[in-house]
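The values are calculated or read from the model by the stated rules, or taken from the named source; none is laboratory data. Worth saying up front: this structure is predicted, and the values here are computed from it rather than measured. With ideal geometry, Cβ positions are generated from the backbone for all residues, glycine too; neighbour counts draw on all protein chains shown.
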Amino acid sequence: MSKLVEIEQVRFAYSEDGPEILHGLDLTIEEGEYIALIGQNGSGKTTLSKLIGGLNIPTSGDIRILGRSVKDMAVKERASLVGYCYQNPDHQIFLNTVEEEIAYGPKNLGLDAPEVEARVVQALEAVGLLKYRKEEPYFAGKGERQKIAVASVLAMQPKLIVLDEPTTGLDWRDSCNMMQLIRTIHEAGHTIMIITHNMRLVAENAQRAIVMSNGEIQIDGTPKEVFRHEDFLAKSFVQPPQITQLWKRVGAEGEPWICSEDAVPAIMERIQKSN
Ligand code: ADP
């Protein structure tokens, strides 16, 4: 794996006289990773993800993408490397038709018309909305608008896609569809970073989980490793997935740590034995 993003000693405050939000943060994202950024509200997740996406500029420190400082990069180049999906798709969608919305980024990259068209088709196919290309973006529910927002980022073909709470406000079915879409995008070769409060989604999807608290990274490891830090997570108001809590309750802490629904039969067996 090669280093895609290197964050070095980054500090950030929203204003000169405002409080410092990130305090000398270091983080490396490797190409091909699927990372979940977790932690209680106000811990700095969105601030960090916007720094990675180029929407916030560090007060000090440096961010390198593929070895080059973002300070030396034009906006276009950066946008073609990292895409950012807002928590609320309505902050991202502003044009009259779905296809115009998706074409906006590629056009800004200066691509020619056939290439823009190819990207629109490819991105809308990926999210399953090609047949709605002529519709107004507000034609459907939040699940679809979230997909349009993802497609508009996909059309830029960035190496890293950062998604801020992609399932917030979606029902369970739309959440599953969105997570399936993100898995497909990851399998297609994009590096993924999601912010989420849903630990089941973290356990089932992410390869790496990063816990933030007070503008600092506190724990960084596989979801299994991270969910072992129960006491720390409790202080951060993060609860491991229910399946992990259940596994502990049936007295299996000493055994390999579980955070997947695949453990249900083993848990049932233990409950039956203990009855
Ligand atoms: P999280 O995503 O973990 O909920 P945020 O990055 O949104 O955390 O917020 C971290 C801190 O930055 C909080 O104290 C929040 O109040 C502050 N903050 C977030 N956005 C702004 C802003 N636009 N201006 C000033 N302070 C902000």
Filter the stretch 110-127 down to the residues that are within 22 Å of Leu170 (Cβ to Cβ) and touching a residue at least 24 places away in the same chain (Cβ under 8 Å) and list them by number.
Ala123, Leu124, Ala126, Val127
When the residues of the stretch 110-139 are narrowed to those that are hydrophobic (A, V, I, L, M, F, W, C) and over 23 Å from the mean Cα position of the chain (by Cα), which ends up surrounded by the fewest Cβ atoms within 10 Å (Cβ to Cβ)?
Ala113
Which residue, of Ile52, Ile63, Ile21, is within 15 Å of the ligand (Cβ to nearest atom) and in contact with a Ser or Thr (Cβ under 9 Å, 6 or more places away or on another chain)?
Ile21
Can you spot a residue in the stretch 157-172 that is of a type outside the set (A, V, I, L, M) and within 23 Å of Leu246 (Cα to Cα)?
yes
Looking only at the stretch 62-89, count how many residues are loosely packed, with under 14 Cβ neighbours inside 10 Å, in contact (Cβ under 8 Å) with a residue 24 or more places away in the chain and among the charged types (D, E, K, R).
2
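Residue by residue, here is whether (1) among the β-branched types (Val, Ile, Thr); (2) modelled with pLDDT under 95 holds:
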residue: Met1; (1), (2): no, yes
residue: Phe12; (1), (2): no, no
residue: Ile29; (1), (2): yes, no
residue: Leu37; (1), (2): no, no
residue: Arg64; (1), (2): no, no
residue: Gly67; (1), (2): no, yes
residue: Met73; (1), (2): no, yes
Selection over the stretch 134-146 where residues are assigned to a loop (DSSP other than H, G, I, E, B) and charged (D, E, K, R) yields a count of 3
Checking Ile35 against (1) away from the ligand (no atom under 12 Å from the Cβ); (2) touching a helix residue (DSSP H, G or I) at 6+ places or on another chain (Cβ under 6 Å), which single condition isn't satisfied?
(2)
